[in-house]
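Q: Sharing a structure here in structure tokens format.
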Amino acid sequence: MNAKVLLRIAAALILVHLLGHSVGHAGWDHPEDPKMMDVVTVMKSYKAEFMGAVKSMADYYNGYSILIFGLYAMTISLLWLTSGFILEQPSIAGKILYPVGIAYVFFGVVEFLYFFPFAASMSFFAGILTLFSIIVTKR
């Protein structure tokens, strides 16, 4: 399998992750579990000042979740665009792909520790495929 295909598969994994994240984000504040609903209610109810802004924990949770949408969209774009020139410009591609690949392996570990295996596997394998695409290109 060539590097271009590997990067496009990695981009597809992140797209699946983005879609799953979208579903999870859409309903996080309406859980069926009554105890979780209690937690959400508390997260939304109290606002405090921090660095000049008055926000609730729910605001921060939403904000971080929305930032992830941008991160995933940017990653999909970078992987797809880089797949278009990795074979002709492997040096430039590597400068883009090493940090992306390492970051997604790291994300996979963090997601495994703090979230759940499906999310972790999407990030981890996207990172591995990204790094492997660089190795394949060097051969």
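The values are calculated or read from the model by the stated rules, or taken from the named source; none is laboratory data. Note that the structure is predicted; figures quoted are calculated from it, not measured. Note that each Cβ is placed from the backbone with ideal geometry, even for glycine, and that neighbours are counted across all protein chains shown. With ligands, DNA and RNA removed, areas are computed over all heavy atoms of the protein, side chains included. Shrake-Rupley method; radii C 1.70, N 1.55, O 1.52, S 1.80 Å.
Q: Suppose we look only past 24 Å in the calculated P(r) of the chain. What percent of the Cα-Cα pairs does that tail hold? All intermediate terms of the calculation are to be shown ahead of the outcome.
A: On the way: 3979 of 9591 pairs.
Cα-Cα pairs in the chain separated by more than 24 Å: 41 percent.
Q: Compute the relative contact order of the chain as a whole-number percentage, counting only Cα pairs closer than 8 Å that sit 6 or more residues apart in sequence. Walk me through the numbers on the way to the answer.
A: Working: 159 pairs, mean separation 51.9, N = 139.
Over the chain, the number comes to 37 percent.
Q: What ranking do 86-95, 122-131 get when scored by the average of other Cβ atoms within 10 Å per residue, highest first?
A: Peptide ranking by packing, descending: 122-131, 86-95.
Q: Classify the range 11-54 as rounded, prolate or oblate, taking a ≥ b ≥ c as the square roots of the eigenvalues of its Cα gyration tensor: rounded when a/c is under 1.5, otherwise prolate if a/b is larger than b/c and oblate if not. Display every interim value, and only then the final one.
A: Values: a/c = 4.88, a/b = 1.48, b/c = 3.30.
Oblate, because a/c is 1.5 or more while a/b does not exceed b/c.
Q: Quantify, in whole percent, the carbon and sulfur part of the accessible surface of the chain (1.4 Å probe; protein heavy atoms only). Write out the running numbers ahead of the final one.
A: Values: 6490 of 8810 Å².
Roughly 74 percent, rounded to a whole number.
Q: Once ligands and nucleic acids are excluded and a 1.4 Å probe is used, how much of LEU81 is accessible, expressed in Å² to the nearest 10?
A: That residue has around 120 Å² of solvent-accessible surface.
Q: Highest first, please rank the peptides 69-79, 51-61 by the mean number of other Cβ atoms sitting within 10 Å of their residues.
A: Order by mean packing, descending: 69-79, 51-61.
Q: So what's the gap between the Cα centers of the range 63-101 and the range 19-47, to the nearest angstrom?
A: Cα centroid of the range 63-101 versus Cα centroid of the range 19-47: 31 Å apart.
Q: Something else now. Under a 1.4 angstrom probe, counting protein chains only, how are HIS30, HIS25, HIS17 ranked by accessible area, largest first?
A: The residues order as HIS30, HIS25, HIS17, largest area first.
Q: Report the charge-dipole magnitude of the range 33-131 in Debye, nearest 20, computed about the Cα centre from +1 at each Lys and Arg Cβ and -1 at each Asp and Glu Cβ.
A: Values: 5 positive and 6 negative charges, 22 e Å.
It works out to roughly 100 debye.
Q: OK, next. Tell me, what ³J(HN,Hα) does each residue in the range 11-19 have, in order and in whole Hz, if you take phi through Karplus 6.51 cos²θ - 1.76 cosθ + 1.60 with θ = phi - 60° and put x for Gly and Pro?
A: In residue order, the calculated couplings are 4, 5, 4, 5, 5, 4, 4, 4, 5 Hz.
Q: Then there's this: Taking θ = phi - 60°, what integer Hz values does the Karplus form 6.51 cos²θ - 1.76 cosθ + 1.60 yield along the range 106-119, in sequence order, with x for Gly and Pro?
A: 4, 4, x, 5, 4, 5, 5, 6, 10, 10, 8, x, 4, 4
Q: Related question: Below 20 Å, Cα to Cα, which aspartates and glutamates can LYS95 reach? Residues fewer than 8 away in the same chain don't count.
A: none
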